[in-house]
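What follows is a single structure, written as C-alpha cells, with notes after it.
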Amino acid sequence: MKTTLYNFFVGGLLLLLLASSGLFAQTEEFETGKIGVQINEFGRVRIHAPIIGDTQQIDRSSILVGTAAGEVFDYREDADTETAPVLVESPELSDFEIFSAINNAYSNLPPDVVVKLNTHGWDGEGFIIVRFTVINPGSDAIDAVIGLEIHPRVDGTYGNETVEFLSDDKTVAIYRDAIHTGYKFLSGEIVSLKLFEWYDGFASDAGFYEWLTHGEMDPTYTAEGDGAVIIPAQASVQVAAGDSTELVVGIAVGESMEDMVTNIQEATAKYESITSVRQIDRELPEGITVNQNYPNPFNPATVITFSIPASDHVTLTVYSILGEKISTLVNDELSAGNYSVDFNAQNLPSGVYFYTLTSGSFKETKRMMLVR
C-alpha cells in the first residue's frame with residue numbers, strides 16, 4: 001500500500017513538473033505540405049519541415065517584450081495561457097490559421113502585457129506568417145522593445161548549426177545541412193541581433209533586456225554542441241495605455257539558401273497583399289494630412305488615406321460615437337510617404353463612427369457614416 005501511494009505521489013509530481021515545463025502543454029498544429037507549425041498554450045512556435053514529426057527545425061521561437069532593465073516578458077519565466085490555441089475553422093486571410101493568446105499571469109511581474117498570436121499558413125507554400133499583437137492593459141504608456149527568442153533544432157538535433165544575417169533580404173538564416181530556415185520581421189526591420197551559445201541558466205530579465213537592446217548585428221555564428229540562442233529585435237515603440245502594437249514575422253524553409261530566400265520573399269509579398277496599410281507612390285508630402293474616407297457613407301468597406309512627411313510612429317484608430325475604440329488600423333513606425341488603409345465594418349451596425357490619426361504631436365479626427 002505504501003509503495004502504491006508513493007508511486008502515485010511521485011508520478012503525480014512528475015506530471016506536474018512536466019506540465020509546468022511545457023512538455024505536456026496544449027498544442028495546435030497545421031501542415032502546408034512544405035512546412036509544419038505547432039503552437040502551444042504558452043506561445044511557443046515550433047517549426048518542422050517538410051512535415052511534422054522527426055523533422056523539427058526550430059524547437060522554440062517565442063516573443064520577448066522588454067520595458068526596462070530587469071523587466072522582460074519571456075516564455076519560461078512569465079507566459080501563461082490567456083486563450084488556448086485553436087485551429088480557426090474558416091480563416092479569412094489564409095488556408096490555415098491558429099489563434100492563441102498569452103499573458104504574464106505565471107509570474108505577475110512587469111511588464112504586464114497580453115500577446116495575441118495569429119499564425120497563418122497557405123497550402124503548398126514553404127512559409128508561415130505569425131502576427132504577435134502586444135497589448136498594454138495597464139493605465140500608463142510603456143516603451144517596449146519587442147523581439148524573439150529562437151532555439152534551433154536543425155533536422156531534429158541540437159548544435160553545430162550556422163546562424164547568418166542576410167542583409168540584402170533582412171533575414172536571419174539558420175542551417176546545417178539541407179534544410180534552411182529563415183526569419184524576417186515583416187512589420188518593421190531587425191535592428192539588433194544577438195547570437196551566443198546556449199548555457200544552463202542563461203535566461204534572465206537582465207540578460208534578455210541587454211540582448212534586446214544590443215543595437216548591433218552580430219556576425220555569422222557557428223554553434224557548438226549545445227546550439228545557438230538567437231535574439232533578433234526591432235526598434236523601441238511606445239504603446240499607450242489600453243493600446244497595442246504588432247510584430248509580424250515571416251518564417252520560411254527551403255532545401256537550399258536560395259530556396260529559403262525565395263520563400264521569404266513570397267512571405268513578404270503575401271504579407272503586403274493581406275495587410276490593411278499600403279504605401280501609395282506619389283511625391284513626398286510637405287506636411288501631415290488625413291483625408292476624408294471614401295466612399296462616405298459606406299457599406300461595409302471604405303478607404304482612409306493619409307500622408308506623413310518624415311518617418312514617425314503612426315496610429316490610426318476607429319471609435320464609435322460613444323468614444324468606444326472599435327479598431328486600431330495602424331500602430332507602427334512608418335517612413336515618409338502617402339498611405340492607404342482599408343476599414344471593413346462588416347460586423348458593425350449602421351451609424352456614425354470617427355477615426356483619429358496620431359503622429360508625434362499631430363492628432364486629427366474625422367467623421368464617417370456606415371449605412372446598411
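Brief remarks on what is shown
Here's the yes/no breakdown for (1) out of contact with any strand residue (DSSP E or B) (no Cβ under 7 Å at 6 or more places or on another chain); (2) over 28 Å from T262 (Cβ atoms):
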{"site": "E97", "(1), (2)": "no, no"}
{"site": "V113", "(1), (2)": "no, yes"}
{"site": "F127", "(1), (2)": "no, no"}
{"site": "G159", "(1), (2)": "yes, no"}
{"site": "L193", "(1), (2)": "no, no"}
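- Every condition in (1) over 23 Å from the mean Cα position of the chain (by Cα); (2) in contact (Cβ under 8 Å) with a residue 12 or more places away in the chain is met by T317 except one, and the failing one is (1).
- Note on the range 55-95: residues that are part of a strand (DSSP E or B), hydroxyl-bearing (S, T, Y) and buried (at least 20 other Cβ atoms within 10 Å of the Cβ) amount to 3.
- Which listed residue, of N338, N293, N347, is touching a residue at least 24 places away in the same chain (Cβ under 8 Å) and either touching a His at 6+ places or on another chain (Cβ under 9 Å) or surrounded by fewer than 19 Cβ atoms within 10 Å (Cβ to Cβ) (or both): N338
- Residue in the range 224-241 that is touching a residue at least 60 places away in the same chain (Cβ under 8 Å), β-branched (V, I, T) and more than 29 Å from E197 (Cβ to Cβ) present: yes
- Residue, modelled with the highest pLDDT, within the range 265-278, restricted to residues that are surrounded by fewer than 16 Cβ atoms within 10 Å (Cβ to Cβ) and out of contact with any Asp or Glu (no Cβ under 8 Å at 6 or more places or on another chain): A269
- Annotation note: of A49, A79, the sole residue that is aliphatic (A, V, I, L, M), modelled with pLDDT of 95 or more, under 18 Å from the mean Cα position of the chain (by Cα) and in the same structural domain as Q238 (by TED's automatic domain parsing) is A79.
- Considering E164, E149, the condition of being acidic (D, E), part of a strand (DSSP E or B) and either crowded, with 22+ Cβ neighbours inside 10 Å or within 19 Å of the chain's Cα centre (by Cα) (or both) is satisfied by E149 alone.
- Residue list for the range 98-143, restricted to those being among the acidic types (D, E) and modelled with pLDDT under 95: D140, D143
- Any hit, the range 243-264, residues being surrounded by 15 or more Cβ atoms within 10 Å (Cβ to Cβ), among the hydroxyl-bearing types (S, T, Y), in the same structural domain as Y175 (by TED's automatic domain parsing) and assigned to a loop (DSSP other than H, G, I, E, B): no
- Residues being at pLDDT below 95 and farther than 19 Å from V86 by Cβ - total across the range 18-46: 5
- All told, L322 meets the bar of being out of contact with any Asp or Glu (no Cβ under 9 Å at 6 or more places or on another chain) and assigned to a loop (DSSP other than H, G, I, E, B).
- Among the residues examined, N347 qualifies as in a loop (DSSP other than H, G, I, E, B), in the same structural domain as Y294 (by TED's automatic domain parsing) and not small (G, A, S).
The values are calculated or read from the model by the stated rules, or taken from the named source; none is laboratory data. What you see is a predicted model; the values in this text were computed from it and never measured. Heads up, the Cβs are rebuilt from the backbone with ideal geometry, glycines too, and the neighbour counts pull from every protein chain shown.
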